[in-house]
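Reviewing the structure listed below.
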């Protein structure tokens, strides 16, 4: 069993800015050895929570620890926690190389490590160029390089794939999964549900400053989505009447095509066979993380758009 010293632990964490409650009584544990996705609509409190983890905002109440300690009490932060909160937090007149060298000097990190993270993050060709001229994607790579500089055992990455091309997104996915496989603690936020579904093992969802869910990806999808069976048959109306019962929803999509929720594909197939109904398609589909997320946060978005 892992000790608390290997984890990020938030206990009854709250933060208010005047009358606005950005984070309200939030408790969770980010365990090592897996990628924990940190999700929520804009204004949910994710960034504020991350800032409190690394001591940039002071909690109004409650506490949060990294490796069993307040982040501000860590003797060598860069070698213990790698953080990407704002990739633009760099002197625009410095080159990527000099920016990383300046950071390394504060912790006695050798220059060869700077060269290593530049190569790891694909910055070699622009290492001597001024960061102020970087594209959004290159800025993200520099921010990730800074987070990796001290080879920390904990990584906190806020929207690390923002602005990256497909190759960069794939690299981040592989990297964080490899880091978790080595026993590192990884907290990762993103608005890309499809990417999070491929990357995360566990999900924490915030909404209006409160924890809405804290579960594995599979459990979250299972709890907040319903499996659907796509059916194509020339006797759709007849089969729909046979399938219909409490808890079953039938949606007719086109002539001979319908979706059924609440009934297993095997049961539908057996029922059709028993009544001599030909099936041209019987395709079960499961819900996605995006479906689960939208179902979970539908009432907690700060700004709602109108359906079109």
**Request:** Within segment 73-91, count every residue that is farther than 15 Å from residue 156 by Cα and not in a loop (DSSP other than H, G, I, E, B).
**Result:** 1
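One line per residue, one yes/no per condition, for (1) part of a loop (DSSP other than H, G, I, E, B); (2) without any contact (Cβ under 8 Å) to a residue 40 or more places away in the chain; (3) surrounded by fewer than 20 Cβ atoms within 10 Å (Cβ to Cβ):
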| residue | (1), (2), (3) |
| --- | --- |
| 195 | no, yes, yes |
| 205 | no, no, no |
| 215 | no, yes, yes |
| 218 | no, yes, yes |
| 221 | no, no, no |
| 229 | no, no, no |
| 242 | no, yes, yes |
| 245 | yes, yes, yes |
| 266 | no, yes, yes |
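Determine, yes or no, whether residue 86 is assigned by TED's automatic domain parsing to the domain that holds residue 138 and farther than 30 Å from residue 135 by Cα. First the steps, then the outcome.
On the way: assigned by TED's automatic domain parsing to the domain that holds residue 138: yes; farther than 30 Å from residue 135 by Cα: no.
So residue 86 fails the test.
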**Message:** I need a count of the residues in segment 22-40 that are surrounded by 22 or more Cβ atoms within 10 Å (Cβ to Cβ) and closer than 20 Å to residue 195 by Cα.
**Reply:** 7
**Item:** Leading residue by the ranking (farthest from residue 232 (Cα to Cα)) among those in segment 268-294 that are modelled with pLDDT under 90 and not in a strand (DSSP E or B)
**Value:** 287
**Item:** Filtered residues of segment 34-54 (kept if out of contact with any strand residue (DSSP E or B) (no Cβ under 8 Å at 6 or more places or on another chain) and modelled with pLDDT of 95 or more)
**Value:** 51
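Could you say whether any residue in segment 9-26 is in a loop (DSSP other than H, G, I, E, B) and either under 14 Å from residue 187 (Cβ atoms) or not assigned by TED's automatic domain parsing to the domain that holds residue 173 (or both)?
Start the filter on segment 9-26 by keeping residues that are in a loop (DSSP other than H, G, I, E, B), which leaves 18-19.
With either under 14 Å from residue 187 (Cβ atoms) or not assigned by TED's automatic domain parsing to the domain that holds residue 173 (or both) added as a condition, the list becomes none.
Scanning segment 9-26 turns up no residue that is in a loop (DSSP other than H, G, I, E, B) and either under 14 Å from residue 187 (Cβ atoms) or not assigned by TED's automatic domain parsing to the domain that holds residue 173 (or both).
Restricting attention to segment 159-173, report how many residues are on the phi < 0 side of the Ramachandran plot and either under 14 Å from the mean Cα position of the chain (by Cα) or part of a loop (DSSP other than H, G, I, E, B) (or both).
Let us first name the residues in segment 159-173 that are on the phi < 0 side of the Ramachandran plot, namely 160-162, 164-173.
Pick out the ones that are also either under 14 Å from the mean Cα position of the chain (by Cα) or part of a loop (DSSP other than H, G, I, E, B) (or both) and you get 160-162, 164-165, 169, 172-173.
Residues in segment 159-173 being on the phi < 0 side of the Ramachandran plot and either under 14 Å from the mean Cα position of the chain (by Cα) or part of a loop (DSSP other than H, G, I, E, B) (or both): 8 in total.
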**Tally, over segment 231-286, of residues that are touching a helix residue (DSSP H, G or I) at 6+ places or on another chain (Cβ under 7 Å) and at positive phi** = 1
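The values are calculated or read from the model by the stated rules, or taken from the named source; none is laboratory data. Note that the structure is a prediction, hence the values are computed from the model and not measured. FYI the Cβ positions are ideal-geometry reconstructions off the backbone, even for glycines, and counts take in every protein chain you see.
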